[in-house]
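Worksheet: the structure to be examined is printed underneath.
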Amino acid sequence: MKSGFDELGDMALRDRILAGDRDAAQHLFASQFDALYEFAHYRVGGDRGLAEDVVQDTFMVALESLKGFDGRSSLHTWLCGIAKNKIRAHRRKRRPAALEDVLSEADDEIDAILARVASEPLPEWVLERKETKALVGATLSSLPPEYRRALTGKYIHGESVAQISGAVGKSEKATESLLTRARLAFANVFELLSKKRGGLD
Amino acid sequence: MSSEHDQPDFAVLERNLELLLRHCYQPVRADPRFRARLERQVVELSRRSRPRPERTSPWSSPALRIALAASLAIACFVGVRSGADWIERLLGPRRASAALEQILARGEVAWRAGASQGWRAARGVDQPRAFVLAASGSESDYLEVATPPSMRARVDVEGPWASQWELGQASHAAFVREQERDSADAGSPGRVTVALEAGSLRGVRQDTTAVQPALRIVTSEGDVNFVHGVLGLDFSAPREPETWTPPPSGAQRFVHVVVDSGAASVADPRGSGALPLADGDELYICGGRVLLPRAATTSDARTPVDPPRALVDVATPEGARGVRGRVTADGAALDEFRIVALREVQLPQSADPIPREFSAARGVFVFEGLEPGPYRFFAIAPGFAVAKSEVLDVSEDRALSLEFALTRGGVLAGVVVDDLTGEPISDAYVVSESDTQVMVLSFVQSDNRGFDSSVRSRGNGAFEFERLSAGEHVVRASAPGFGAAWLEVQVVAGERRGDVELRLPRAGRIVGSVRDAFDQPVRRALVMASTTEFQLKRPCLSYRPILTDDDGRFELADLGPGAWAVLNFGPADSLRSATTLTPEMEFGSVRAGATTVVDFHAKRPPQVLRGVVRTSAGEPVRRRSLVVARTDRDERDAERAWLSCATLDDGSYTLPGLEPGEYEMYVSLRTPSEVLRVGRFEVLAGQATAHDVTLPLGTIGGRVRDGERDRPLSGAVLVLLARGEGGTSQFVGKVFSAVDGTFEFTFLPSGRYDVYAYSARESFGQQGRVDLELEEGQRRSDVEFTLRMGGRVQVRVVDELGAGIPEALIEFRDEHGESVQFAEADRTNAKGLYAVNGISIGRWSVRVAHPAFLEDTREFDVARDERSDVTLTLRRR
């Protein structure tokens, strides 16, 4: 269910939170928590305790430095940036698994490849690889929230374009376009991660 | 994959996404309790983030208040001058400085050379950051320093009243030196004043020749005249306020003064003049009032406290045996306490601590049942420091008496930092070896089972032991990614020592493998890295344990540079019944950031197994893997020697290096990971053994379908069990369904079988087809499965202390009471966990058994696409 805050931009939401609007803070949390948690989850090797620490630290730092958010990126990107710093701080004390290495190396490149063309058909045996689940989740966690919402709505929940457009607050035509970009983005990021991890061959 | 110049094929992309997202995506969900708690926290924090009037200080400290009446005791200064000018200059316009806040927020030390100058960040990598207030010859010299929570600073004041000051973390102080203006005495050295606004300050005065106080320290509650020696100030409140004279009502702010050595003075509350302070004196200033210890005299403000003693002179009843004694505190008997007996043994052997809890004991305890020998005893009670006895000889023919008078001990505080960068290390494991009730102390806290006297460092690296026994302590700190560090410190009862710094070196690691005489990996062998100081230069021997993995490999990480003894104790499960330990030992030298290899490879005895594998039709079974596993070991010994080889084109095989004993043989099927048990054999000592294998031609096969999407299911796991007499079942083999969903078990003899299907990818519930009859040479392919979404279950098996129990046997029964096996051996892993990712929905029960514990059974429900967490706490036998 959409709230009135859905209509606000990130800067306006920031201002409302800085003014002490509890509902605005609650909306920030509700709209960002799941994606942020998933983002952290794949970057800390699925360690639940560590993911919780990272997410908690991220929100605390975000609230303390919210007035420094200038709107040049989305709130989600800004929060992920804070989370990356927290993760790096933890990683200095730990030996990360390969996927964490991959993600941390790929983070800065992901935006750069969003414009790339999709890949070839994936063979079915890909689905039998146990790493595929992690790669799929890691790929989704790296995409902007709108792309995630569109892709999970269509391919997991079987929603129509009309239903997705209602959820993301865009026209159906704009939602079609969003889906196209989301598909390409997913394919390119997935390709990047699978190659860097050593390939599926 | 396509290049940049290729156009996307959206039809292909659509299909790919359908496959990946529908089949492989599993949403990650946070713990709902964590989510709810964090949401409350975020909302609450946002409510506090409303704009507030700017503070006059970067920290949440009250404004600087000068007890002008006291500070203007001008006679204490060299030179006659009102203090108002410099105070006013020091205070300046006390508004929050954005630059100061930014520097501190970056974790840097901020400083400025004038009250009206801008703040600057101190450069350099040293910790503490060093400053100098030089004697410039001008009328005044000024230095103001503020430290973030992670940094300290040192200020050297040059000139006639030379001194050194240590500014603690999260602290703020200003140093001002003034020369007399137009003074007739051109040689006057002027005056130095230090204003402490926040945090802590420690003065280490160098000039010891002065007879008049020459340095005034200004704080919000009052001034201290510092003559010489070592003086510490902070803003902490009395820990035991009842032991001090009362402060003014409503008092909020305290200044704590400690004279470690030398001399200082404060205004005497009982009259005019100054209250002199000497070595060991301590007091508080609050609201302009000086708080003294209640029992203090003018010259002595401290009452020493005796450490606990253990006396062997308590009257003992005639004919008594065992160890008897009393535990008191503050002269009164304690009702609740614990006594731990630790036997003195020669390292590398170690003894387990033996605890006894006493409740409603009225201070009296009797400790019986100890084997004769030397023991040290510990008394532990909440709110008191650990008390320990000397080593006493427990014998069968006489009783021993002990008396423990517990005290509150002393406080030991400090910080754990990275030796290389000086950065604080949070969540470091800091332990007092001297107050710990074990001889061998693991770097893994859970291994020490609560017998360690330990704390964890906080986010800023700070730690604090609130109650340590008086005397010498060896304190050890360790943290992931770092080696350990040790420090010897003296703890005085009733006192607080807060200057301990443990600097952890960067870690290296030792890796290696354990292989048995057959050159096969030894799984779950216990390997330890131990410090090499067997002669107990420290109270405890420190070690890090690890179990080898399925490939017999191990990695001992977080080892500090230096020499380490690496010990291989062999299979962990066989240690339970061992009365003495005889590990293999190698030595490894660790360097920071480097890997050292230490292997334990046993020599192979010369036993050979040979034979030919054919079908019952006489056809050689070529290019298949054969795996043999020992079956005649003790049931509790989970270690099995697995050996393997391949059959040649003529079906022959040769397998060297077996010990005499009984074995099972498995043959691979379509792929090496699909196996079938094909018989038993015995290897005799001292000779080659011939074992030909004839494989029957019976086949059980079928198809697995995805019931959710109505299509073949590939990658499903099929497990085959043979039904024996009396309803028992035995694992026979495991295969995977092919892309078209088909599967097949070949080389089966006649008999009755059960087949279970599980999904390898999704949380499909399992299905079983039981009591399938197979005749000699029959090929049946009619076993059909349709798997549908189930749930997941994670079973956690722990002991009463909460530690995971590995290798516990797990038995599941469905709602019909049928036993369902999900793997060849349903056993918990090293952490005591066992997870099933595809189990059918409904009511289940799980039975957990382990030879060292009483078994337990629990029921649980499995819901669609949800995970059930089941924890069973087993009690020791």
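The values are calculated or read from the model by the stated rules, or taken from the named source; none is laboratory data. Computed from a prediction, not measured in an experiment: that's the story for all the values here. Positions of Cβ are backbone-derived with ideal geometry, glycine not excepted, and every protein chain shown enters the neighbour counts. For the accessible areas, the whole protein counts, side chains as well, though only heavy atoms, and no ligand, DNA or RNA atoms are used. Shrake-Rupley method; radii C 1.70, N 1.55, O 1.52, S 1.80 Å.
Structure data summary
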item: Heavy-atom SASA rank of B:694, B:671 (probe 1.4 Å, accessible area, largest first); result: B:694, B:671
item: Vicinal HN-Hα couplings computed from phi for region B:396-410 (Karplus, 6.51 cos²θ - 1.76 cosθ + 1.60; Hz; Gly/Pro x); result: 7, 9, 8, 9, 10, 10, 9, 10, 10, 10, 6, 10, 7, x, x
item: Length released on extending from residue B:261 to residue B:875, taking residue separation times 0.36 nm less the Cα-Cα span; result: 215.5 nm
item: Accessible heavy-atom area order of B:625, B:453, highest first, probe of 1.4 Å; result: B:625, B:453
item: Under the Karplus curve 6.51 cos²θ - 1.76 cosθ + 1.60, θ = phi - 60°, whole-Hz ³J(HN,Hα) for region B:779-796, x wherever Gly or Pro sits; result: 10, 10, 10, 10, 8, 10, 10, 10, 8, 10, 4, x, x, 10, 9, 10, 9, 10
item: Descending semi-axes in whole angstrom, ellipsoid equivalent of region B:668-803, from the Cα gyration tensor; result: 29, 23, 15
item: Heavy-atom accessible area order for B:151, A:60, largest first, 1.4 Å probe; result: A:60, B:151
item: Under the Debye formula (equal points on every Cα, no solvent term), log10 I(q)/I(0) of region B:425-580 at q = 0.09, 0.12, 0.14 Å⁻¹; result: -0.33, -0.57, -0.74
item: Length added when fully stretched, residue B:18-residue B:134, from 0.36 nm per residue minus Cα-Cα; result: 34.4 nm
item: q = 0.11, 0.26 Å⁻¹, region B:323-406: log10 I(q)/I(0) [Debye, one scatterer per Cα]; result: -0.28, -1.33
item: Residues whose placed amide H lies under 5 Å from that of residue B:732, excluding near-sequence neighbours; result: B:720, B:721, B:722
item: Local net charge near residue B:553, Cβ-Cβ under 13 Å (Lys/Arg +1, Asp/Glu -1); result: -1
item: Cβ-Cβ FRET estimate between residue B:240 and residue B:444, R0 fixed at 30 Å, reported to 0.05; result: 0.30
item: Rg(Cα) / (2.2 N^0.38 Å) computed for region B:410-504, rounded to two decimals; result: 0.99
item: Solvent accessible area, Å² - residue B:873, 1.4 Å probe, full protein context; result: 70
item: Region A:1-95 - Rg and Dmax from Cα coordinates, angstrom; result: 13.8, 44
item: Residues residue B:856 and residue B:357, FRET efficiency given R0 of 22 Å [Cβ-Cβ distance, rounded to 0.05]; result: 0.40
item: Gain on full stretching of the segment that runs from residue B:811 to residue B:794 - 0.36 nm per residue minus C-alpha separation; result: 4.8 nm
